[in-house]
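Enquirer: Dropping a structure here in structure tokens format, bear with me for questions.
Quick note: the coordinates plus some simple rules give every number you see, no bench work behind them. Keep in mind that what you see is a predicted model, and the values were worked out from it rather than measured.
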Amino acid sequence: MRPFDLAREHGISAQAVRNYERDGFIPAARRSASGYRIYTEAHAAALRAYLSLVQALGYAAAGQVMNALHDDRLDDALTVIDRGHHQLLRDRDTLSSVRQAVEHLTAEANTTPAHPDAAGPVSPDVADSVRPDAAAISAIGTIGAIGTIGDLAHRLGVTTATLRNWEDAGIIVPERDPATGYRVFRTTDVRDAELAHLLRRGGYLLDHIAAVVQQIRTAGGTDALSRSLDDWQEKLTARGLAMLKASAQLNDYLNQLDAAALTAAPGDG
């Protein structure tokens, strides 16, 4: 097959196929006597696997998987895939906990007598009470202060500069230790940061996230938040299905590779 033959199936250019070969995402092609690339069904299977992995894990992780396979590092490839599944599970747990928080906030809005400040932020005691059970607490944040901004950044896998941007946008509102002036992150701050991280991965802008987080701090007006969570649920479902498809395509490709070459130690040839 020619580069065009592989490209046509996916609606991409022949140059893109050559670029994927150059970057190690598909195996190197044999050359004809005249110097033209010759691709086989194994190359076609590799391209299907790579593009499916892009949909499931993103470009960077997909490239890491294919590079690892072609360097005879099967376990490294599987580790990248495992991380993708772990992140998806964490997102599902976070989403489930936020939904429980919304349900409790809505219930409070329906049972709490009217108050002049009902539309404003709830008190820390009330905010903490939206944690319905130990599983929800575990998924969103640890009871009490988490420590420094560095601790929270490490927990989420973001930079401290990102968290400061979120604070500037009103997404997180940590208190300050009166003695040191350092930020103190409560359970609700961790919850809000987890929610912001979730929505950022869903492609939401900071101003939208700030509005959503503000809604979850209040005892009412959760309709927009519920719609946002429904939208993110659909994205998680789509990602899960993409992972299933990618697994099938990757398995097809592995079946065409020499199993011995994948498991051989470096230097065995």
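Enquirer: So between LEU78 and THR148, what do we pick up on full extension, going 0.36 nm a residue minus the alpha carbon distance?
Expert: Values: separation 70, 0.36 × 70 = 25.20 nm, distance 3.36 nm.
Stretched out fully, the LEU78 to THR148 stretch lengthens by 21.8 nm.
Enquirer: With the Cα gyration tensor of the stretch 49-89 giving a ≥ b ≥ c as the square roots of its eigenvalues, does the rule (a/c under 1.5 for rounded; else a/b larger than b/c for prolate; else oblate) give rounded, prolate or oblate? Working shown, then result.
Expert: Details: a/c = 2.58, a/b = 1.28, b/c = 2.01.
Verdict is oblate for the stretch 49-89.
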